[in-house]
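Here's the structure we're looking at; comments come further down.
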Amino acid sequence: MSNKKYHLSEEGSETSIELPVLSSTLGQDVIDIARVPETGCFTFDPGFGATASCESAITFIDGGKGVLLHRGYPIEQLADKSDFLETCYLLINGELPSPSEKEAFESTIKAHNHVENSVEQFMSGFSQGAHPMAMLCSLVAAMSATYHETTDVSNADDRILTIHRLIAKMPILAAMCHKHFTGQPYVAPSDDLSYSENFLNMMFGAPDKEADISPVLAKAMDVIFLLHADHEQNASTSTVRLSGSSGANPYACIASGIAALWGPAHGGANQAVLEMLEEIGDEKHIDEFILRAKDKEDSFRLMGFGHRVYKNFDPRAKVMKESCDEVLKELGLENDPLLKIAKRLEQIALEDEYFVEKKLYPNVDFYSGIIMKAIGISPEMFTVIFATGRTVGWISHWNEMLSNPYRIGRPRQRYTGYTKRDYPG
Ligand code: ACO
């Protein structure tokens, strides 16, 4: 730790304050601003572009260089050599498992591979066609009722039990949302299939007939879960941390993360990508949409392009693109009209001056939407699948926060409303 002197100026006066600079193992060091209120001011940073909200040892991103590390391991290596469940173990525990630890972890997740009967009853309250994200958010919130009595957030063993339950049950809830949305009967989870095969079977199988799942599609699904597993302090993870900082029930905290993820500026972008491709409809309309995306007067944005942190390329998008090509080849869909629009759009945006200058590259949502559409997943389910993969990241951050000294999150504000005034009469 070192100290640096900062001069803060206000009209007509100048204040000096010496603030500690805390070092990071990678990336920028941070100025500890806890003493700033002594100057009579707060700091102001809407959108948190310059503010680290916590300390974390889970994930590191270098947006300029396109680097994403989980516990130090590059995402490309994890996607190539690891699998989703092993990456879950890594995120939670900080180290890769030994073969026996991996086997034990997989057995523990399988032991939780079921949901209470009450979930079906709960689902029956939703109309067919209700948005799957609305259903998922409510189902996970409802888990806080089911498991409230057995969840003491100050107990490390209870926290680990919560983590295992969530990793195991999220794909079941996600697939139930899909079946309810499409008006089909639920398919029970199977202990004989891998995590991703089990999910695809619950999505595309029938109660009396297992789905025919190709290894290429099962691998692609696993890669989708893995690439979404964590992404440090994004909007939904920060929401989970903030909710958890009050000591709230963890299932309710995860439901708050799901709500934050739903928006089109965050996880909802993968559904928005497909809707945009459908709206474009034909390659001959692409130029018109590119012009709209560049027009300051038009609120339209090219969905699946740009990222708050990655200003070079999104390393997840690179892996997802490779997976996308494999899936399209496996399914013989290289000539699908919507996918052709996507490829052309990608090419134009990568060459167009506006997108190049603003560093707007295709992000992970651009390719994940295309893969999921090719697999036959409806766009309304895309963000649900993102949430299923991201749950381990959310709950790892929640657990990291609760395992260390923490305070309730309570940002300050710059007040711009009325000064004090009297009630009339
Ligand atoms: N299409 C057209 N122009 C864009 C786009 C886009 N997709 N994204 C950003 N821009 C422009 C903005 O208009 C702005 O232009 P200006 O400097 O002339 O005003 C500039 O690029 C910077 O944009 P900001 O909104 O300031 O960037 P920010 O970091 O706040 O937003 C975001 C990032 C939300 C991802 C944005 O790029 C976007 O809306 N993209 C489309 C939605 C999307 O794909 N979201 C998924 C994100 S990835 C994820 O959550 C997994």
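The values are calculated or read from the model by the stated rules, or taken from the named source; none is laboratory data. Quantities reported herein were computed from a predicted structural model and do not represent experimental measurements. Virtual Cβ from ideal backbone geometry, glycine too; neighbours counted across all protein chains shown. Accessible surface areas use protein heavy atoms only, side chains included; no ligands, DNA or RNA. Shrake-Rupley method; radii C 1.70, N 1.55, O 1.52, S 1.80 Å.
Have a look at Ala342, Ala374, Ala349 and point out the one that is open to solvent by 10 Å² or more (accessible area, probe 1.4 Å) and either aliphatic (A, V, I, L, M) or within 15 Å of the ligand (Cβ to nearest atom) (or both).
Ala374
Going through Thr383, Thr391 one at a time, which residue ends up being of a type in the set (Ser, Thr, Tyr), open to solvent by less than 30 Å² (accessible area, probe 1.4 Å) and more than 12 Å from the ligand (Cβ to nearest atom)?
Of the residues listed, the single one that is of a type in the set (Ser, Thr, Tyr), open to solvent by less than 30 Å² (accessible area, probe 1.4 Å) and more than 12 Å from the ligand (Cβ to nearest atom) is Thr391.
List the pairs whose first member sits in region 297-308 and is on the phi > 0 side of the Ramachandran plot, whose second member is more than 6 Å from the ligand (Cβ to nearest atom), and whose Cβ atoms are under 7 Å apart, counting only residues at least 6 apart or on separate chains?
Partner pairs satisfying both residue conditions: Gly304/Val273; Gly304/Pro362; Gly304/Phe366; Gly304/Gly369.
Tell me yes or no: at least one residue of region 220-229 is touching a helix residue (DSSP H, G or I) at 6+ places or on another chain (Cβ under 9 Å), of a type in the set (Phe, Trp, Tyr), open to solvent by less than 50 Å² (accessible area, probe 1.4 Å) and modelled with pLDDT of 95 or more.
The answer is yes, given that some residue of region 220-229 is touching a helix residue (DSSP H, G or I) at 6+ places or on another chain (Cβ under 9 Å), of a type in the set (Phe, Trp, Tyr), open to solvent by less than 50 Å² (accessible area, probe 1.4 Å) and modelled with pLDDT of 95 or more.
Taking only region 251-291 into account, find how many residues are out of contact with any Asp or Glu (no Cβ under 9 Å at 6 or more places or on another chain) and either in a helix (DSSP H, G or I) or under 16 Å from Thr162 (Cα atoms) (or both).
22
Working only within region 243-272, note down all residues that are open to solvent by less than 40 Å² (accessible area, probe 1.4 Å), more than 10 Å from the ligand (Cβ to nearest atom) and over 20 Å from Asn399 (Cα atoms).
Hit for region 243-272 is Gln271, nothing else.
Can Val309 be described as of a type in the set (Val, Ile, Thr), open to solvent by 30 Å² or more (accessible area, probe 1.4 Å) and farther than 14 Å from Leu345 by Cβ?
yes
Among the strands (runs of 3 or more DSSP E) lying completely within region 1-102, list those that include at least 1 residues that are surrounded by fewer than 13 Cβ atoms within 10 Å (Cβ to Cβ).
By residue number, 2-10, 13-22.
If only one of Lys294, Lys318, Lys284 is open to solvent by 60 Å² or more (accessible area, probe 1.4 Å), away from the ligand (no atom under 11 Å from the Cβ), of a type in the set (Lys, Arg) and more than 27 Å from Arg390 (Cα to Cα), which one is it?
Sole residue among the options that is open to solvent by 60 Å² or more (accessible area, probe 1.4 Å), away from the ligand (no atom under 11 Å from the Cβ), of a type in the set (Lys, Arg) and more than 27 Å from Arg390 (Cα to Cα): Lys284.
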